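Undergrad: Below you will find the structure I want to go over with you.
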Amino acid sequence: MKKRLEKILTKELGREIRLERSMEGCGDYSSNIAFILTKEKKKNPNEIAEELKVKIKSDIFSKVETKNGFLNFFISEDFLKKELSLILEKEKEYGRGKIGKRVVIDYSSPNIAKSFGIGHLRSTIIGQSLYNIYQFLGWDAIGINHLGDWGTQYGKLLYQIKKEKKDPKKLSIKELEELYVRFHKEAEEDEKIEEEGRRWFAKLEKGDKEAREIWKICREKSLEEFDEIYDELGVKIDYTTGESFYEEKLTDIIEEAKKKKVAKESKGAFIIDFDEMPPAMILKSDKSTTYLTRDLAAVKYRINKFSPDFFIYEIGVDQTLHMKQLFATVEKMGWASKDKFFHVGHGMFRLKEGKFSTRRGRTIHLREVLSLAKEKAKKIIEESLSSKDISLTEKEEIAKIVGIGAIKYNDLKRHYKRDVVFDWERVITLKGDSGPYLQYTCVRCKSILEKAKGSDTEIGNLNKEEREIVKRLTQFRETVDAAADSFSPNIIAEYAFKLAKEFNYFYDKYPILGDKKKVAITKGTYIILKKALFLLTIEVPKKM
Ligand code: ARG
């Protein structure tokens, strides 16, 4: 709505107008244009605002007022009602954009031979949410899972497997992880062991048959586990092209960097210097490649294959330097401007003292978090639904949707830069700013609509609460735009929470069934809330 109003005003006033949401009591939207024009017009803002005001004729506004130099706009009830009809007509297509550009989103990207840790959950969920948001706005979104399946750490693993004479086929992910931990313990005591790890990675890169075979088995095992987790999370990533995929392309990248004088030799290695940050390495002195070399190859491949207009990387904030070096190198190589790249660097995951912090040492396994979430969700469902209403399988199904929705929402409701502190009491609750609360509100709307089935909707005059809700509904699209512009799904989470609160207040205050207008508002709320949850990757159960 905001953009539409800006367009209308820009036309009427012959000037570019930007609107902000108004402060309490100052209409719906405001503009500070009069302040901007004071220099040019040599008048005070109030006078300018008055002059502009008389030019505004659009009937979208019931009133335009000037106050302390600001122009305040009041949206007419007619306009709100028309917009609500449009929502009811377009349903889930309301607000869809048609940008027509292409964005590549690199997200999730866990490392093989390790369990899916809670750290990669943030990347997976925020990444998938951005994917849904961009796609809804009409971008052609391409999701890539840049699996960590190549690098010195796999040399370490191979060394340890060989040393302990293990049969790789018989190793579980847990055991693989333990091998890795043992390697590091031993390496602390004996420096030569690090060297062995590097040697095995060099062997792997050179195509040593045995090394390849063991590596392949480990990779397949990991993928099996990851797929189960993606399934459970309802996440589908378009391409799984991990680091190993670029193996054959790495020599060309290094040659190109040398030829273009982007990389230079230093003590047998090849490095890239930057003015404003430490140098980065693309070839080690033992001739093995690095994480950066593979990321460079990935950028080049993505440019050739997809010609994207924009690149998003959803990766932890601890990789900020790496990302900066990557984007700067891409520009030095002349492939693309670094303005086309954005690193959504999420904060870390922390637990309030509890079950996970001690039992397993430092890694928190996502699988356990998810199963505990489902368990807790089941308890809530048992409290809110009587066992007569529901079979056991149904209950399990709902518990899954609610438990996982709760985890996802807890992650998305905060700005990505902030750390996530995990407090079960607040994650899984039907009250307050939680996933289950939003799902519950959505289910409530749905059940009202089911009871009202057959009765048509009609939009009469709006009372105060109704006006607030309808106004909120019309702000859906601008909210999604704002989330996309700043890579921040939390803006949509905040919006959904406000809408749910407003609706529940309205629901508690007025009977809805039998009132056509109130049914229409309930339907509008259902459509928008469900879509907002979809953009946040959250499903809505049938009952709750
Ligand atoms: N596998 C890496 C990690 O777990 C994340 C990869 C992110 N994507 C990328 N293109 N570097 O730390």
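The values are calculated or read from the model by the stated rules, or taken from the named source; none is laboratory data. Note that the structure is predicted; figures quoted are calculated from it, not measured. FYI the Cβ positions are ideal-geometry reconstructions off the backbone, even for glycines, and counts take in every protein chain you see.
Undergrad: Of the residues that sit in the stretch 104-121 and are at pLDDT below 90 and either near the ligand (Cβ under 10 Å from one of its atoms) or among the basic types (Lys, Arg) (or both), which one is farthest from Gly155 (Cα to Cα)?
TA: So, considering only residues that are at pLDDT below 90 and either near the ligand (Cβ under 10 Å from one of its atoms) or among the basic types (Lys, Arg) (or both), the one farthest from Gly155 (Cα to Cα) is Gly119.
Undergrad: Still on this model: From Lys174, Lys156, which residue is touching a residue at least 40 places away in the same chain (Cβ under 8 Å) and under 23 Å from Asp318 (Cβ atoms)? Even if it seems obvious, please write down each step before you answer.
TA: Numbers: Lys174 fails: under 23 Å from Asp318 (Cβ atoms).
Only one candidate passes the filter, namely Lys156.
One line per residue, one yes/no per condition, for (1) part of a helix (DSSP H, G or I); (2) acidic (Asp, Glu):
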position: Arg426; (1), (2): yes, no
position: Asp433; (1), (2): no, yes
position: Gln439; (1), (2): yes, no
position: Glu466; (1), (2): yes, yes
position: Arg472; (1), (2): yes, no
position: Thr479; (1), (2): yes, no
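Undergrad: Against the definition (within 16 Å of the ligand (Cβ to nearest atom), in a helix (DSSP H, G or I) and either surrounded by fewer than 17 Cβ atoms within 10 Å (Cβ to Cβ) or modelled with pLDDT of 95 or more (or both)), how does Ala257 come out, yes or no? Even if it seems obvious, please write down each step before you answer.
TA: Details: within 16 Å of the ligand (Cβ to nearest atom): no; in a helix (DSSP H, G or I): yes; either surrounded by fewer than 17 Cβ atoms within 10 Å (Cβ to Cβ) or modelled with pLDDT of 95 or more (or both): yes.
No, not satisfied.
Undergrad: Related question: State which residue is nearest to Ile125 (Cα to Cα) when the search covers only the stretch 373-395 and only residues that are surrounded by 13 or more Cβ atoms within 10 Å (Cβ to Cβ), touching a helix residue (DSSP H, G or I) at 6+ places or on another chain (Cβ under 8 Å) and at pLDDT 90 or above.
TA: Ala373
Undergrad: Then there's this: Thr289 is checked against (1) surrounded by 18 or more Cβ atoms within 10 Å (Cβ to Cβ); (2) at pLDDT 95 or above and fails just one. What number does that condition carry?
TA: (2)
Undergrad: Would you point out the residue of the stretch 204-219, among those that are acidic (Asp, Glu) and at pLDDT 95 or above, that is surrounded by the most Cβ atoms within 10 Å (Cβ to Cβ)?
TA: That would be Asp208.
Undergrad: Right, here's the next one. So which residues in the stretch 123-182 are within 16 Å of the ligand (Cβ to nearest atom) and assigned to a loop (DSSP other than H, G, I, E, B)?
TA: Answer for the stretch 123-182, where residues must be within 16 Å of the ligand (Cβ to nearest atom) and assigned to a loop (DSSP other than H, G, I, E, B): His146, Leu147, Asp149, Trp150, Gly151.
Undergrad: Continuing with this model, one more query. If you go through the stretch 338-359 one residue at a time, do you hit one that is in a helix (DSSP H, G or I), within 15 Å of the ligand (Cβ to nearest atom), surrounded by 20 or more Cβ atoms within 10 Å (Cβ to Cβ) and in contact (Cβ under 8 Å) with a residue 24 or more places away in the chain?
TA: no
Undergrad: I'm checking my understanding of the structure. Among residues of the stretch 479-490 that are more than 10 Å from the chain's Cα centre (by Cα) and surrounded by 19 or more Cβ atoms within 10 Å (Cβ to Cβ), which one is nearest to Ser129 (Cα to Cα)?
TA: From the stretch 479-490, those more than 10 Å from the chain's Cα centre (by Cα) are 479-482, 485-486; that's our starting set.
Then keep just the ones that are surrounded by 19 or more Cβ atoms within 10 Å (Cβ to Cβ); that gives 479-480.
On the way: Thr479: 14, Val480: 11 Å.
So, considering only residues that are more than 10 Å from the chain's Cα centre (by Cα) and surrounded by 19 or more Cβ atoms within 10 Å (Cβ to Cβ), the one nearest to Ser129 (Cα to Cα) is Val480.
Undergrad: Would you pick out the residues in the stretch 57-100 that are exposed (fewer than 13 other Cβ atoms within 10 Å of the Cβ) and more than 21 Å from Leu9 (Cβ to Cβ)?
TA: Keep residues of the stretch 57-100 that are exposed (fewer than 13 other Cβ atoms within 10 Å of the Cβ), which gives 57, 59, 63, 68, 78, 89-90, 93, 98, 100.
Residues satisfying the conditions are Glu89, Lys90, Glu93, Lys98, Gly100.
Undergrad: Here's another thing I want to ask about it. For the stretch 88-122, which positions are assigned to a helix (DSSP H, G or I) and closer than 18 Å to Val480 by Cβ?
TA: Narrowing the stretch 88-122 to residues assigned to a helix (DSSP H, G or I): 88-93, 118-122.
Residues satisfying the conditions are Lys90, Glu91, Lys92, Glu93.
Undergrad: Quick check on this structure: which one of Ile282, Ile237 is modelled with pLDDT of 95 or more, within 16 Å of the ligand (Cβ to nearest atom), closer than 28 Å to Leu204 by Cα and in a loop (DSSP other than H, G, I, E, B)? Break it down into steps so the answer makes sense when it comes.
TA: Values: Ile282 fails: in a loop (DSSP other than H, G, I, E, B).
Just a single option satisfies the conditions, and that option is Ile237.
Undergrad: So which residues in the stretch 427-442 are buried (at least 19 other Cβ atoms within 10 Å of the Cβ) and of a type in the set (A, V, I, L, M, F, W, C)? If you could, list the steps in order and put the result at the bottom.
TA: So in the stretch 427-442, the residues buried (at least 19 other Cβ atoms within 10 Å of the Cβ) come out as 427-428, 434-442.
Across the stretch 427-442, the qualifying residues are Val427, Ile428, Leu438, Cys442.
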